[in-house]
Every structure is written in structure tokens, then in C-alpha cells.
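Just below is one structure, and these are the notes that go with it.
Throughout, read-outs are computed from the coordinates displayed, never taken from laboratory work. Remember, it's a predicted structure, so these values are computed and weren't measured experimentally. Ideal geometry is used to build each Cβ from the backbone, glycine not excepted, and the neighbour counts take in all protein chains shown.
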Amino acid sequence: MASAPHALPDISIVVPVHDEEGAAPALAREIAAAFAGRAFEILFVDDASRDDTRAALKALSVEIPQLRVLGHRVNAGQSRAVRTGVLAARGAVILTLDGDGQNDPADGPVLVDALLAGPPELGLVGGERVKRQDSAAKKLASRIGNGVRKRLLRDTANDTGCGLKAMRREAFLRLPYFDHIHRYLPALMLREGYQVEFRPVNHRHRQTGQSKYTNLGRLMASLSDLCGMIWLQSRARNPGGVDE
């Protein structure tokens, strides 16, 4: 039996969306089906879409009582949309996934269960996409970017661009916030003293809409972000735990 809409959820699924009217409703139904029988909520955060994404999602509230729709008044980017969702979430465990439908919601429970089975120090279990359904140019750019980032930050992650991530809400809220933080969550978790793990996940073709990023745009943002991340790591001092 699905969880009652008024019950306090254990799991909050956070999905940032921008101009995803074609993909979002079907994705919401898939998420609800994947987590049926568990205490969950779904938070779609509409980042000031110019189409009817928000209206299409709100129309599903009767069909999916666990669905909550939040909306930015001004476009603020994917990382801010994720943070908005986490701040509003009522579950202790957060699952994030992209709103374009390329992440498979069926992989969500696997990541969540891996997180829950781990020690309290396990802060994040991230997905690593196998058989990526992207253009050759995008896959090449991603492989180069991931390699450079992994070498410089030593975050052990092969694919930080995968939107599927299970995290402890408390751990996420301890991290310093900046734009594009969603690409550096493993490194930031390690910086804060948490452990991170990864699991292979499915990747699907985009059926509607178009990517919000270009390879050049990602590169320019990544150069600045990497410099900032290297500085953050250089200023970290971890106490190794606290005793009372």
C-alpha cells in the first residue's frame, strides 16, 4: 500500500526541472511506481519554466498525492533548485534525479537502500551511468571533464554528472553552497568527513525537450568551479569526530 500523503516520509525525491512539460508528468508517475509501498514524497522544483511544466505537474496532485510542486520566481539554475527541494524536504534521505527523463527512477530504490545499509558516516551513494545515451561529443567532453576533476580533487567519482544521487539530508545541508554544487557533491562530502560510494545505473535517451547546457558552457563553468573547489579543499580541517 502506498504511503498516505499526510504521513511523514522517510525518503524525499527531489527533481529540478526547467521547460520539461513533455517529460515531467511521465517521470513523476515512474517515480511514484518505483517507490510504491514506501513512505516517500516527490518534490519537483520548477526553475521558472517558460512552458506549462508547473501546471502539468500540479494537475497530477490528485493522481499522485505524494507529489509536491515548488516553483522559483526567477530562474536560478539546477543547483539552486536542488537546494530548494532539499530545504523543503521532510525525509531524512534525499534522492535527486534529473528532470529530463534520462535517469531511470527504477534505480532510485537501489541507491537509497545502499545508503541506508551503510554506516552513519556514509553520506552519499551516487549513480554512475552505463551505456550512456548521449552524442559522441558529449560523452567525450564528459570523459575528459570527469578525468580532470577526479585527478585534481581525488573524489573517487567517475561520473559526477549523473543526477541520480542518494544522500543524507543532514549531510547535504552541512556543505557550503555555490552554483553548480551538484557536480561536486562527492568531493564536498569527503571534505566534510563523510564516506561516498557509487553504483552503476541505467541511462536513457532524451525523449522530449533539449539539453540546457553546451559543452563549451560546461567547460567555462568547470574551470572556475575547479579553482574554487581546490581552494575549499585547501582550507578544510577535519577534527576526525567529536567526543563528549
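Here are the numbers for the structure shown:
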item	result
From phi via Karplus (6.51, -1.76, 1.60), per-residue ³J(HN,Hα) for segment 87-93 in Hz, x at Gly/Pro	4, 7, 5, 10, x, 7, 10
Virtual spin-label span in nm between Thr156 and Arg143, 7 Å along Cα→Cβ	2.5
Amide N proximity, segment 149-182 versus Arg235 label position 7 Å along Cα-to-Cβ, cut-off under 12 Å	176-177
Cα-based Lys proximity count in segment 11-234, under 22 Å, for pairs eight or more positions apart or on separate chains	12
Ranked packing of 115-128, 42-55, 229-242, most packed first, by mean Cβ within 10 Å	42-55, 115-128, 229-242
Potential extension, Gln207-Ala88 segment - 0.36 nm per residue separation minus Cα distance	39.9 nm
Linear extension gain, Ala55 paired with Cys227, 0.36 nm per residue minus alpha-carbon span	58.0 nm
DSSP-defined antiparallel bridges as percent of all bridges, the chain, nearest 5	25
Inter-label distance, nm, simple model (7 Å from Cα along the C-beta direction), Val242/Asn75	4.1
Alpha carbon Rg of the chain, scaled by the compact-globule rule 2.2 N^0.38 Å	0.98
Residues Ser61, Ser222, sorted so that the one with the fewest Cβ neighbours within 10 Å comes first	Ser61, Ser222
Under 11 Å, Cβ to Cβ, from Lys150 - net charge with Lys/Arg +1 and Asp/Glu -1	+2
Whole-number percent relative contact order across the chain, with pairs defined as alpha carbons under 8 Å at least 6 apart	22
